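Colleague: The structure's right below; bear with me while I get my questions together.
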Amino acid sequence: MNNYTNQLYQSLMVGDYAGEGDLIQLITDEEDDSLQHPEDYSKEIPILSVRNTVLFPGVVIPITVGRQRSIRLVKKAQKGNKLIGVCAQVNPQNDDPSWEDIYHVGTLAKIIKMIVLPDGNTTIIIQGKKRFKISQTLTEDPYFTAKVEFLDENFPENNKKIQALEESLKEAAAKILHLNPEIPREAQVALDNIDNTAFLTHFLSSNINAPVDSKQKLLEINDGVERATLLLEFMMKDIQMLELKSEIHKKVHTDIDQQQRDYFLRQQMKVLQTELGEEGPEKEVEELRLRGSKKKWPKEVAKHFEKELDKILRINPSAAEYPIALNYAETLVELPWSEYTEDNFDLKRAKAILDRDHHGLDKVKERIIEYLAVLKLKKDLKGPILCLYGPPGVGKTSLGKSVATALGRKYIRMSLGGVHDEAEIRGHRKTYVGAMPGKIIQNMKKVKFSNPVYVLDEIDKLSSDFRGDPSSAFLEVLDPEQNSTFVDNYLEVEYDLSKVLFIATANSLDNIQPALRDRMEVIEVTGYTLEEKIEIAKKHLVPKQRKEHGLKGKDISFDRAALVKIIEDYTRESGVRSLERAIGKVVRNVAKSIAMEEEYSKKITPQLVRKILGGEIFDKEFYQDNSVAGVVTGLAWTSVGGEILFVETSLSKGKGKLTLSGQLGEVMKESAMTALSYLKSKAEKLGIDERVFDHYDLHIHVPAGAVPKDGPSAGITMLTAMASIYTQRKVKSRVAMTGEITLRGKVMPVGGIKEKILAAKRAGIKDIILCQSNKRDIEEIDHEYIKGVEFHFVDKVEEVLGIALMKTKVEDAMVFKFPEVTQNSASVN
C-alpha cells in the first residue's frame, strides 16, 4: 500500500508490465452484475502472462502489452467476449515465457478499455472477475489458451472472527497510511467505503508492499480466514519496517553533527557557485570518492587517491589544472588493482586447447602446463617471463592467445616493432602537455583485470634514439623480482605486474639487450618439417581460408600431393605464412569459378596447383649441384629460418691475392682469411704446392649477392671449398656442412641446427657435417625430422676434408705449370 501514486495509470515499460505502483480503482459487486453469474464463463480461455504484479478479483489495473503473442491475444479478446485469464510470471525478466514460467492460479479479467499508444504498444484496462486454476494447457501459439477450473471464495457470513480480522485489516491499513506520507489521503476514504470482507482482502492484497510470490500465495489460498490472517501478517511486517524507518529519520534529524553541518554548508556554497556561474567540482569528486571506496587497492594508493580528490576540490573548475587532476583521478580509479580472473586448472583441457590450436611446439606447451600445475598446487605464483624466439610464421604470437584461452585469462597484445620512445612504456609525467600513462598501464586499464596474458610482440625490433631506450625501460617490467612494484611516470604510485603472464616474441636474440634477455626464459620455436606443414595445412590453413572466402567443405578439398607441391615448389620458409597465402590464392580461384558459375574441379591436384599458381618458383635440383671442384654447400640460419648457401671458389694467375664477394660481413671475411691461413700452414700435408699461394689469385664468392651474409657458421664450408680448388678434388654430392674453424684446425659448434637441418632436407641433402659438440642439438630433435639424413660429427678440419672431398689420384688431377714441381704435388693448368 505504500506504493500508491497520484495518478490512476502510469506509462509502463514495453513487455506486458502491470503497474504495481498504480492507484487501483475499486469495483464493487453492485457496479458489475457479471460478478454474480460466474457459471456463464467459458472453461476454455486465453491466458495473458504479466510481470511484477498479481491481479485480484474486483480491482481494475492498467497493463501495457508489448509482446507480439500478447498483442494478438488482446486484439482477439477485444473482438469477442473481452474475457481473458491473467497469470503472473515466475521470473519477470523472461521475455518469452512458457507454461512452466507462469503461475497456474490466476484471475479471470474483463477488458474494460483498450488504448493503442503512438509508439505501437497497447495499453488495456482490465477488471478482475474470478479466481481460477489451470487444469489443462491447450496452446502456446499464437497465444496461450487453457482449460480452467474456477475457484470459489470461502468466507463465512456473520462470523465474529471474520469481523475481527476485518477491523484489524482496516486499522493496519490506516496505520500504514499514517506512517507513509507518500500515499494520497483519498485512499483512506476508499477504505472506509469498503464493507465487503472478501473484497477488502483483495484490495489490500493488491496494494501491500510485498513481492510477487507473496501476493501469488495470497491469491492461491481458498479459505478467506487463512488469507486474511496471512495478509495481516504481511501488513504488520510492513508497519514494523515503516516504524523503524520513521525512528531512524527522527534520530537523524535530531542528531546533526559537525560532518552534517559541513555538508549543508557545502551544498549552500554549491548553490551560490551555480548562481554565479562558478559551479564547483563537488559532484564529480563525490562520484569518484564513491567509486574509490569500492576498490580493493593498497592503503597507500587509497590514501594518495583521497589526497588527489581533496586537491581537486581546491582547484577552480575553469583553471587549466582542473581537467588534468580530474583525468588523473579517473585513471587511478579505473585501473584494476586487485581484480583477477579465475584460472582454469583443468590441465587436460589446457593441453587439448594448445594441441588444437598449434601443431608441434612441444617445449612451449610443456612449459605452460608446468606453470599451470605449480599454480594449481601453490595457489599463488609469480607470472613467468617467457620469450619465444624463432623465424616468422611459426605461430609465436597466436600461441599467446591460445595460452590465454587455456588459462581462462584475458588477452593483451602489444606490438613493439619500431617503438623508440621510453615514455611509451613508462608514460609521461603529469606536468607534461598531453601526459598519459604508458602502454603497459593503458592496456591493463583496458582489460580491467590484473592477471592477463600479455604478449610483447617483436621485442627484438625495439629501437632507441634521443628520446630514450625502451628496452631499458622493460628491465623493470620483465624482472619477476621488481615488477610487483612497477612505477609508471604518470601514476606516481606502485602498480603490481607480478601476476601478469608476459610472453615476448622475437625473430632473433642478437638484437635484444643482454640484460633484458637475462630476465626472460628463452624458448626456441623452430621451423616445421614437410610432414608438420601438411598437418597444419589440413587442420588449420585450409579450413581457415575456406571460411574466409565463403566456401564450404564440399566446395573444395586438397589432395596431399597438391599440398606437398605447394610446400616444396612455391614456398621456402620455416613457418607457414607463405603457405597460407598460396593456399588462399588457390581457394580464391575456386571461389571465382563458383561466383561466375563456371565448371571447376573440387579436388585440388598437383596439376591444378601448377595451373593456378604458375610455374614452380623454387627448383630443388639447383641446390644439389656440386659437379665442379671448389663448390661446397653450406648451411646458414636467417631470420626467416634455415637456408642452404653455396661457397664458390676459382683460381686465376696473379700474385696470391684473396678476393671476397657476395656482400659478406666482417665475421665471414675473417673466417675466409682463417681458412686460407690454415691451408698455407698445412699445404704439404694436404698435397698442395706452396708456390700456388704466391702465383695464383683466389676468388671466393657466395651467391645471392644482394643478400647480406654474416656469421661464423661458414668457416668449414669456406675451408673445404679452398681445399677443393687447390687439390682439384670435387666435393661429394648431397653433402652440406656448418661449423666455425680456428687457426689450429679445430671445428667449433654453431647455433640454429634444427633450422639448418630442415633447410638441408628441403634441398635433398643426405649427409651433414657438424661439430661434435652439436650432437646434443641433434639428440633434442624428433627422430622423424631427421629420417633419411646421415650426420657426421667432427672435431678437426682433417676429418671434414676426409668426409667431404672425393678420392682423386694425383696423376688424374690437372697440373700447375711450375718448374721443378714435385711429383707428389697436385696441380692445375
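Colleague: With outside any helix (DSSP H, G or I) and either surrounded by fewer than 16 Cβ atoms within 10 Å (Cβ to Cβ) or among the charged types (D, E, K, R) (or both) as the only criterion, which of E535, E531, E476, E481 stands out? So that I can check it myself, show each step before the final result.
Modeller: Numbers: E535 fails: outside any helix (DSSP H, G or I); E531 fails: outside any helix (DSSP H, G or I); E476 fails: outside any helix (DSSP H, G or I).
Criteria check complete, one pass: E481.
Colleague: Can you tell me which residue in region 432-456 is surrounded by the fewest Cβ atoms within 10 Å (Cβ to Cβ), limited to those that are of a type in the set (A, V, I, L, M, F, W, C) and within 17 Å of the chain's Cα centre (by Cα)?
Modeller: Taking region 432-456 and keeping what is of a type in the set (A, V, I, L, M, F, W, C), we get 433, 435-436, 440-441, 444, 447, 449, 453, 455-456.
This time we only want the ones that are within 17 Å of the chain's Cα centre (by Cα), so: 440, 444, 447, 449, 453, 455-456.
Working: I440: 26, M444: 24, V447: 19, F449: 15, V453: 24, V455: 26, L456: 25.
Result: F449.
Per-residue answers, yes or no, for (1) in contact with a Pro (Cβ under 7 Å, 6 or more places away or on another chain); (2) modelled with pLDDT under 85:
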{"position": "K396", "(1), (2)": "no, no"}
{"position": "T405", "(1), (2)": "no, no"}
{"position": "R409", "(1), (2)": "yes, no"}
{"position": "Y432", "(1), (2)": "no, yes"}
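Colleague: Note down all Cβ pairs under 6 Å where the first residue falls in region 140-154 and is over 14 Å from H104 (Cα atoms), the second is among the hydrophobic types (A, V, I, L, M, F, W, C), and they're at least six residues apart or on different chains.
Modeller: Going by the 6 Å Cβ cut-off, the qualifying pairs are Y143/L73; E153/A198.
Colleague: Which of the following residues is assigned by TED's automatic domain parsing to the domain that holds V59 and in contact (Cβ under 8 Å) with a residue 24 or more places away in the chain: V116, V105? Show your work before the answer.
Modeller: Values: V116 fails: in contact (Cβ under 8 Å) with a residue 24 or more places away in the chain.
Result of the check over V116, V105: V105.
Colleague: While we're on this one: For the structure I just gave you, tell me whether L309 is in a helix (DSSP H, G or I) and not small (G, A, S).
Modeller: Details: in a helix (DSSP H, G or I): yes; not small (G, A, S): yes.
For L309, the condition - in a helix (DSSP H, G or I) and not small (G, A, S) - is met.
Colleague: Let me ask something else about it. If you take the residues of region 102-123 that are modelled with pLDDT under 90 and under 46 Å from the mean Cα position of the chain (by Cα), which of them is nearest to V54 (Cα to Cα)?
Modeller: Filtering first and then ranking leaves T123.
Colleague: Moving to a separate point now. Please count how many residues of region 339-355 are within 18 Å of S450 (Cβ to Cβ) and either free of Cβ contacts under 8 Å to residues at least 24 places away in the same chain or over 18 Å from the mean Cα position of the chain (by Cα) (or both).
Modeller: Let us first name the residues in region 339-355 that are within 18 Å of S450 (Cβ to Cβ), namely 339-344.
Applying the additional criterion that residues be either free of Cβ contacts under 8 Å to residues at least 24 places away in the same chain or over 18 Å from the mean Cα position of the chain (by Cα) (or both) yields none.
Count: 0.
Colleague: Could you check how many residues of region 744-779 are part of a loop (DSSP other than H, G, I, E, B) and out of contact with any helix residue (DSSP H, G or I) (no Cβ under 6 Å at 6 or more places or on another chain)?
Modeller: Quick first cut of region 744-779, residues part of a loop (DSSP other than H, G, I, E, B) only: 744-745, 749-752, 763-766.
Right, trim to out of contact with any helix residue (DSSP H, G or I) (no Cβ under 6 Å at 6 or more places or on another chain) and you get 744, 750-752, 765-766.
The qualifying residues number 6.
Colleague: Same structure again: Show the residue pairs that are 6+ apart or on different chains and have beta-carbon atoms under 6 Å apart, the first residue being within region 68-90 and surrounded by fewer than 17 Cβ atoms within 10 Å (Cβ to Cβ), the second being acidic (D, E).
Modeller: Hits for this filter: V90/D101.
Colleague: If I filter region 501-517 for residues that are over 26 Å from S464 (Cα atoms) and modelled with pLDDT under 90, do I get at least one hit? Can you show your working first?
Modeller: If we filter region 501-517 for residues that are over 26 Å from S464 (Cα atoms), which is where we start, we get none.
No - not one qualifying residue is present in region 501-517.
Colleague: In region 120-136, what residues are in contact (Cβ under 8 Å) with a residue 40 or more places away in the chain and over 16 Å from R69 (Cβ atoms)?
Modeller: Those that are in contact (Cβ under 8 Å) with a residue 40 or more places away in the chain and over 16 Å from R69 (Cβ atoms): T123, I125, I126, Q127, G128, K129, K130, R131, F132, I134.
Colleague: Of the residues in region 673-702, how many are assigned to a loop (DSSP other than H, G, I, E, B) and surrounded by 13 or more Cβ atoms within 10 Å (Cβ to Cβ)? Show your work before the answer.
Modeller: Kept after step one, since they are assigned to a loop (DSSP other than H, G, I, E, B), are these residues of region 673-702: 682, 687, 689-691, 702.
Among the residues that remain, those that are also surrounded by 13 or more Cβ atoms within 10 Å (Cβ to Cβ) are: 682, 687, 689, 691, 702.
Residues that pass the stated criteria total 5.
Colleague: How about region 134-165: which of its residues are under 13 Å from W99 (Cα atoms), of a type outside the set (D, E) and in contact with a Phe, Trp or Tyr (Cβ under 9 Å, 6 or more places away or on another chain)?
Modeller: Listed by number, the residues that qualify are I134, T137, L138, F144, A146.
Colleague: Looking only at region 336-390, how many residues end up being in contact with a strand residue (DSSP E or B) (Cβ under 9 Å, 6 or more places away or on another chain) and under 15 Å from L501 (Cα atoms)? Write out each step before concluding.
Modeller: Pass one, region 336-390, residues in contact with a strand residue (DSSP E or B) (Cβ under 9 Å, 6 or more places away or on another chain): 337, 361, 363-364, 367-368, 371, 383-390.
Narrowing further to those that are under 15 Å from L501 (Cα atoms): 364, 367-368, 371, 383-388.
Here the count works out to 10.
Here's the yes/no breakdown for (1) under 26 Å from R51 (Cβ atoms); (2) in contact (Cβ under 8 Å) with a residue 60 or more places away in the chain:
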residue	(1), (2)
A187	yes, yes
N193	no, yes
S214	yes, no
A228	no, yes
L231	yes, yes
D238	yes, yes
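Colleague: For residues that are of a type in the set (D, E, K, R) and part of a helix (DSSP H, G or I), scanning just region 201-226, find the one that is surrounded by the most Cβ atoms within 10 Å (Cβ to Cβ).
Modeller: K215
The values are calculated or read from the model by the stated rules, or taken from the named source; none is laboratory data. These numbers were taken from a predicted model, which means no experiment stands behind them. Because the Cβ atoms are built from the backbone with ideal geometry, glycine has one as well, and the counts that use them run over all protein chains shown.
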